[in-house]
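J.: So that we are looking at the same thing, I have put the structure below in structure tokens.
The values are calculated or read from the model by the stated rules, or taken from the named source; none is laboratory data. Keep in mind that what you see is a predicted model, and the values were worked out from it rather than measured. All Cβ positions, even for glycine, are placed from backbone atoms using ideal geometry, and neighbour counts span all protein chains on display.
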Amino acid sequence: MPPKFDPSQVVDVYVRVTGGEVGTASSLAPKIGPLGLSPKKIGEDIAKETAKDWKGLRVTVKLTVQNRQAKASLVPSAAALVIKALKEPERDRKKTKNIKHTGNISLDDVIEIAKIMQPRSIAKDLTGTVKEIVGTCVSVGCTVDGKDPKDLQQEIADGDVEIPQD
């Protein structure tokens, strides 16, 4: 039998959810059930936290549990930030499937996203993080300043495009 759970201990649980939707309690139960929390209540808290800005987008939520109290905070992924920067209209994920994100975002938006993602990036400076975000733009399918993201990556690598380091 596993050791008894200490309620004053701080535990972080990461859950991937669709923003603004109450996830099924069955998907949350194995992660937060042993901590003595109600999966249904936590699901509603997560939906409330993500409903404002992230409706319809897949985001990671960090649940910090202490003394049987859960606090939800968002951990946005690069792809979610890029899709949010495209300012696409909200969509119902049950009705519209396999959406193509064919919009265009500015290099300034990419730099802002890179600054948000910097602590979680492997790159040693902001230029490398910007190249990571531009790579995410490739996989999302959008353009950056009207250019193909792969071309922009090459221009950054060659030094043709200057990235501010502050």
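J.: Against the conditions (1) at pLDDT below 80; (2) acidic (Asp, Glu); (3) over 20 Å from residue 116 (Cβ atoms), where does residue 44 fall short? Just the number, please.
T.: Here residue 44 meets the rest and fails (1).
J.: Output the qualifying pairs, or none if there are none: Cβ atoms under 7 angstrom, residues six or more apart or on different chains, first residue in the range 1-29 and under 23 Å from residue 79 (Cα atoms), second residue at pLDDT below 70.
T.: 18/93
J.: I'd like to check something: does the range 47-55 contain any residue that is more than 23 Å from residue 119 (Cα to Cα), surrounded by 16 or more Cβ atoms within 10 Å (Cβ to Cβ), at pLDDT below 80 and of a type outside the set (A, V, I, L, M, F, W, C)? Before the answer, list the steps.
T.: Our first condition is that a residue be more than 23 Å from residue 119 (Cα to Cα); within the range 47-55, this holds for 47-48, 51-52, 55.
Then keep just the ones that are surrounded by 16 or more Cβ atoms within 10 Å (Cβ to Cβ); that gives 47, 55.
Narrowing further to those that are at pLDDT below 80: 55.
Now drop any that are not of a type outside the set (A, V, I, L, M, F, W, C), which leaves 55.
Within the range 47-55 (the criterion being more than 23 Å from residue 119 (Cα to Cα), surrounded by 16 or more Cβ atoms within 10 Å (Cβ to Cβ), at pLDDT below 80 and of a type outside the set (A, V, I, L, M, F, W, C)), the answer is yes, since at least one residue qualifies.
J.: In the set 20, 43, which member is closer than 19 Å to residue 83 by Cβ and crowded, with 17+ Cβ neighbours inside 10 Å?
T.: It is 20.
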